[in-house]
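Participant: Structure incoming, see below.
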Amino acid sequence: TDPGTILSLRSRIDPADTLFIVASKSGSTLETLSHYAYFREQVVKAGVKQPGRNFAAITDPGSGLEKLAKEQGFRWVFPNPPDIGGRYSALSYFGLVPGAVAGIDVGELLERATEMAHSCDASVPVDKNPGVWLGAVMGTLARLGRNKLTLVMTPKVRTFGYWLEQLIAESTGKQGVGIVPVEGEPVGKPAVYGDDRLFVHIRMHSDPDDARVRALEKAGQPVVTLTLRDKLDLGGEFLRWEIATAIAGSI
């Protein structure tokens, strides 16, 4: 929503040759509709005869955005299942449509999510259940005062932390309690930390060992390390963290 960012983007694209995806669960998100109004104006100024064809919408069925998209001739409208909460929607149309447009193998991404779903089935004991186990660690340590969940991400998966931050903060920050995600903070030496942290280190299988994380472990700080085989494993991680956040909130 920063004007400088929008103007910078405008200078790098040709509106006449761009598909814009307008995504809002409620269909009334002010920022999203403001972006749409601005870029539609740019498409019209570029001389496009059917400006609506440069847009696709992702929204709940029956929303104002769905009505607007049909009225203004959007190329596509993707009605998302309405029982999915916004921050739990990474594996719905909200995540998969932009992913497909960007060239991601969404079929394999969903296979990885299905693999994680089987691993997290209710029949799997907690100590072998990756989603429930992680949520139990988060919730239990938060109750003991370690409610600053500090994300240590390697460069190849760094932006995954942006999504985790919103998922954890919005989901658990209720009724005067909550887990505070710490995202993007440089890793310090063990001496600078107190007893209010849980560190989660997310890395790729090909990433080198991180001496800073090992130092935290040796100093007695709780560290959970999650290793991905490749980037498509993020499909499983979306599901693991959604389950873990629900478990942590329950605890």
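The values are calculated or read from the model by the stated rules, or taken from the named source; none is laboratory data. Computed from a predicted structure; not experimentally measured. Neighbour counts run over all protein chains shown; Cβ positions are idealised from the backbone, glycine included. The area values use the complete protein model at the heavy-atom level, side chains included, leaving out ligands, DNA and RNA. Shrake-Rupley method; radii C 1.70, N 1.55, O 1.52, S 1.80 Å.
Participant: Once amide H atoms are built 1.01 Å from N in the peptide plane, which residues 5 or more positions from V77, or in another chain, come under 5 Å H to H?
Facilitator: When sequence neighbours closer than 5 places are left aside, the close amide H contacts are A57.
Participant: With only alpha-carbon pairs counted, each pair once and no self-pairs, how large is the Kirkwood hydrodynamic radius of the range 10-65 in angstroms? Before the final figure, lay out the partial values.
Facilitator: Values: mean 1/r = 0.0855 Å⁻¹.
Taking every pair of different Cα atoms in the range 10-65, averaging 1/r and inverting gives 11.7 Å.
Participant: Would you be so kind as to identify which of A113, G236, A169 lies farthest towards the positive end of the dipole of the chain, taking Lys and Arg as +1 and Asp and Glu as -1 on Cβ and the Cα centre as origin?
Facilitator: Of the listed residues, the answer is A169.
Participant: While we're looking at this one, here's another question. Taking amide hydrogens as modeled 1.01 Å from N in the peptide plane, which residues meet the under 5 Å criterion relative to I21, leaving out close sequence neighbours?
Facilitator: Correct list: A56.
Participant: Say R0 is 41 Å: what FRET efficiency, to the nearest 0.05, do A215 and Y38 get from their beta-carbon distance?
Facilitator: 0.30
Participant: Using the Cα atoms as the points, what is the convex hull volume per residue of the range 162-251 in Å³?
Facilitator: Measuring per residue, one finds 110 Å³ for the Cα hull of the range 162-251.
Participant: Here's a follow-up. Give the carbon-plus-sulfur fraction of the accessible surface of the range 1-143 in %, rounded to a whole number; probe 1.4 Å, heavy atoms of protein chains only.
Facilitator: Ligands and nucleic acids excluded, carbon and sulfur give 56 percent.
Participant: Do any trypsin sites (Lys or Arg not before Pro) in the range 112-161 lie in a loop, going by DSSP, with at most 16 other beta-carbon atoms within 10 Å of their beta carbon, and if so which? Numbers along the way, then the final one.
Facilitator: Values: sites: R112, K128, R143, R146, K148, K156, R158; in loops: R146, R158.
When the trypsin sites (Lys or Arg not before Pro) of the range 112-161 are filtered for loop state and at most 16 Cβ neighbours within 10 Å, R158 remain.
Participant: Hey, another quick one. Starting from the coordinates of the alpha-carbon atoms of the chain, obtain the Kirkwood hydrodynamic radius over all distinct pairs and give the value in Å to one decimal. Don't skip to the end; give the middle numbers.
Facilitator: Numbers: mean 1/r = 0.0493 Å⁻¹.
Its Kirkwood hydrodynamic radius stands at 20.3 Å.
Participant: Related question: Can you give me the C-alpha center-to-center distance between the range 165-217 and the range 105-141, rounded to a whole angstrom?
Facilitator: Measuring centre to centre over Cα atoms gives 20 Å.
Participant: Mind checking the per residue accessible area of the chain for me, 1.4 Å probe, whole number of Å²?
Facilitator: Per residue, the chain has 53 Å² of solvent-accessible surface.
Participant: Computing the accessible area with a 1.4 Å probe over protein heavy atoms, can you report the carbon and sulfur percentage for the range 149-251?
Facilitator: Of the solvent-accessible surface of the range 149-251, carbon and sulfur hold 54 percent.
Participant: At a Cα cut-off below 17 Å, give the aspartates and glutamates reachable from K231, other chains included and same-chain residues fewer than 8 away excluded.
Facilitator: D105, E108, E111, E115, D207
Participant: Relative to the longest principal Cα axis of the chain, at what angle does helix 106-119 sit, 0 to 90 degrees, rounded to 10?
Facilitator: 30
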